[in-house]
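Rule-based calculations on the coordinates, nothing more; no lab input. Quantities reported herein were computed from a predicted structural model and do not represent experimental measurements. Neighbour counts are summed over all protein chains in view; Cβ atoms, including those assigned to glycine, are modelled from backbone coordinates with ideal geometry.
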Amino acid sequence: MTLDKAVLRWGASILAVALLAGGTGYWAGHRQAPQSEATTPAGAGKVLYWYDPMFPNQKFDKPGKSPFMDMQLVPRYADGGSAGAAPTVAVDPAARQSLGLRVVAAKMGSLASALEVTGTIDFNQRDVAVIQARSGGFVSRVYARAPGDVVRAGAPIADLLLPEWGGAQTEYLSVRRLGKPDLTAAARQRLRLMGMSDGLIASVERSGRPNGVVTITTPISGTIQTLDARAGVTLAMGQTLAQVSGLGTVWLNAAVPEARAGDVRVGQNASATLASFPGERFAGRVIAILPTTQADSRTLTVRIVLPNRDGRLRPGMFATVALGGDAKPALLVPSEAVIRTGKRTLVMLVAGDGRYHPAEVRIGREAGGETEILAGLSPGENVVASGQFLIDSEASLSGIEARPIGGGAASATLAAPASKATLYETTGKIERITANSVTLSHEPVPALDWPAMTMTFALADPGIARGFRAGDRVRFGFDRPPAGPTLRHMAKVAGR
């Protein structure tokens, strides 16, 4: 045997021993610990099959050496659960203390929608000035401007010689000398319609001479994007001389993953930080969510407007964007209690007397170390927040099926026995109806310490929702089985 093979074999043996201790040591206590006759089935202690801890899905009907590893197969014993109850994993108090199991209750709370993405600064395309020639003529002078220059409002761009304007001004002066107010007013209006400003007309009136040379200025402060004015160039009416983009406000185009599109809305507050200005935050507001998604990055563009009074924010700069939302009521569990298998999401329910059972859940948002539970769990149910992965491994080895979302028949035995389910009543508005559920925006439920919120209730009988539609105001009653809040009756009330 070579040295490399010896090292690999020695490492595999050490790993197998560690896994054997983790896979069987913790559970040996509950098999050997004395249990009451009521919770010990006749098959307790019976070997179901043998397995290799490194390949737990492969079962063998007799003991021996593993064909995969250089180690003995480990026996799997029958579970000690009570007859007729849903299969569970039992852990004795000593093992629970060794595992450091921590149990928390699912509770209603507020979860703020926090989203941090990246974006780039761009010009505000709604703050653009296009400078054109109002009449045919010639460019007699171009001021020292170039694309990219930052100019203030009123800055001169070019001097234009406009013969048509000169002729119209001469006619206006002739009519004015006639001393007929009606004709003078009509001639002045003609000059305005040709595009002359009141200031230029007043200058012609004061001087008594036509002025066919006009200085074109920029109407807004900003950056010159294009400049097509050149000395001696012949102009046609409506020809563009320059285009200026304002810098008073800028756009921040943030790339939001499409999976988080529901967390963004128009009017939402946002803040940006830039590496150029460490420690400083720039506040803005979402003004648009563009209708198309980037196919390569699977992101949608959220447009945020930022004030830029001092002009420090320059298009092309990179920014980190924080999109904050209003806190919404939700059923919450610690994020560490959630087990993601890749195909589904589980939590480990506490069934009492040191027993545990996996339950499938559907999760929503996550923030601040807490995860929103959309379905599969009810307020008040206890889940394991630490050490749950070992219990889940034991449940998988024992072939215990997880409680499905909305399935309550088998899971009813997990809940503490009660003589009668408590029925809670309140009023609300129907938001959505499906074959098996109703989504209601309801008023507070003081008995449960629930605030007013929107949530989905399972239908105990599909006929309960017959005759109702979205928008109806209703009085309804519900209870809380382990499968989740369930609607028991519903009646319309006055008003919509």
Original post:
In which sequence would Lys343, Lys62 go, from the one with the fewest C-beta neighbours within 10 Å to the one with the most?
Top reply: Lys343, Lys62
**OP:** Please report, in whole Å, how far the alpha carbons of region 424-492 spread along each principal axis, starting with the longest.
**Re:** 30, 25, 16
**OP:** Would you order Asp52, Asp461 from fewest to most other beta-carbon atoms within 10 Å of each residue's own beta-carbon?
**Re:** Asp461, Asp52
Subject >> Potential lengthening between Glu164 and Arg230 on full extension [0.36 nm per residue; Cα-Cα distance subtracted] >> reply: 21.7 nm
Original post:
For Glu280 and Asn211 in the same chain, what is the full-extension length gain: residue separation times 0.36 nm, less their Cα-Cα distance, in nm?
Top reply: 19.6 nm
**OP:** Could you tell me whether region 128-245 comes out rounded, prolate or oblate from its Cα gyration tensor? Rule is a ≥ b ≥ c as square roots of the eigenvalues, rounded for a/c under 1.5, then prolate if a/b exceeds b/c, otherwise oblate.
**Re:** prolate
**OP:** List the residues of region 201-234 whose backbone N lies under 16 Å from a point placed 7 Å from the Cα of Leu173 along the Cα-to-Cβ direction.
**Re:** 201-214
Original post:
How much net charge surrounds Ile304 when only the other residues with a Cβ under 11 Å from the Cβ of Ile304 are counted, with Lys and Arg +1 and Asp and Glu -1?
Top reply: +1
